[in-house]
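The values are calculated or read from the model by the stated rules, or taken from the named source; none is laboratory data. This one's a predicted model, so the numbers in the text were calculated from it and none came from an experiment. We place every Cβ from the backbone using ideal geometry, glycine too, and count neighbours over all the protein chains shown.
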Amino acid sequence: MVHRVNQSHGQVRFTPGDVPAMMQTRPQRRDHTGEQVTKFRISSGTEVELGPMARDLLFMLRTLQSLTRAEGQSLREALDVEPGVIGVLSVIWLNPGISQNDLAATVALKKSAVTKVVTGLESRGLLSRQRVSADRRMNALTLTTEGHALIARMREMTQSWNDRMFADVAPDDRETFFRVLETLVAGYAAPGGGGGAGGEGA
């Protein structure tokens, strides 16, 4: 499967054929145990039976992440940003003055990875960090004018991408999907929730 990206007036547009073929699921039937049988049509045209794996969160998350990796890379290239930057800038935009430690916990990245991203963004003039007077060991992060301009472009592109991904999903189902994700993320992010620093991020 080839992912094609068209750039026009600062926007990223994906062609309709770029929707990952394995995302095209359709319930088929129920087996003798009463469990729903779900097949996926992959890029070769073959239908692959996943059975209970279609309801396995870790399997489905990993598969979806793999299928959309190339599109995420295309977005980052269009914005000229490294992995992790989209999430980092977005959280700072929504939480001006957030500390680096809280930022790392929010985007589920290692503190060392966030420090590297923040240093790079500061050198590009996209954010500023100041020592917190109550605790000189902490940095408060805020976006610069240039950072806000990049966020505006970023939001336009990512919104377009999300709308395309959910083009065949009913609005109510889309809202339910994200409410469930919010519940899961909130549960893991809470103290004792079991969450931890992950990989590169968006």
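Residue under question is R69, and the condition is that it be over 30 Å from S128 (Cβ atoms), outside the structural domain of V132 (by TED's automatic domain parsing) and either in contact with a strand residue (DSSP E or B) (Cβ under 7 Å, 6 or more places away or on another chain) or at pLDDT below 75 (or both); does it hold?
When the stated conditions are applied, R69 does not pass them.
For segment 135-162, enumerate the residues that are at pLDDT below 95 and surrounded by fewer than 13 Cβ atoms within 10 Å (Cβ to Cβ).
Those that are at pLDDT below 95 and surrounded by fewer than 13 Cβ atoms within 10 Å (Cβ to Cβ): D135, R136, R137, Q159, N162.
Looking only at segment 78-92, count how many residues are surrounded by 19 or more Cβ atoms within 10 Å (Cβ to Cβ) and under 16 Å from R153 (Cβ atoms).
Count: 7.
Checking the condition exposed (fewer than 14 other Cβ atoms within 10 Å of the Cβ) and touching a residue at least 12 places away in the same chain (Cβ under 8 Å), which residue from V117, V180, V132, V169 passes?
V132
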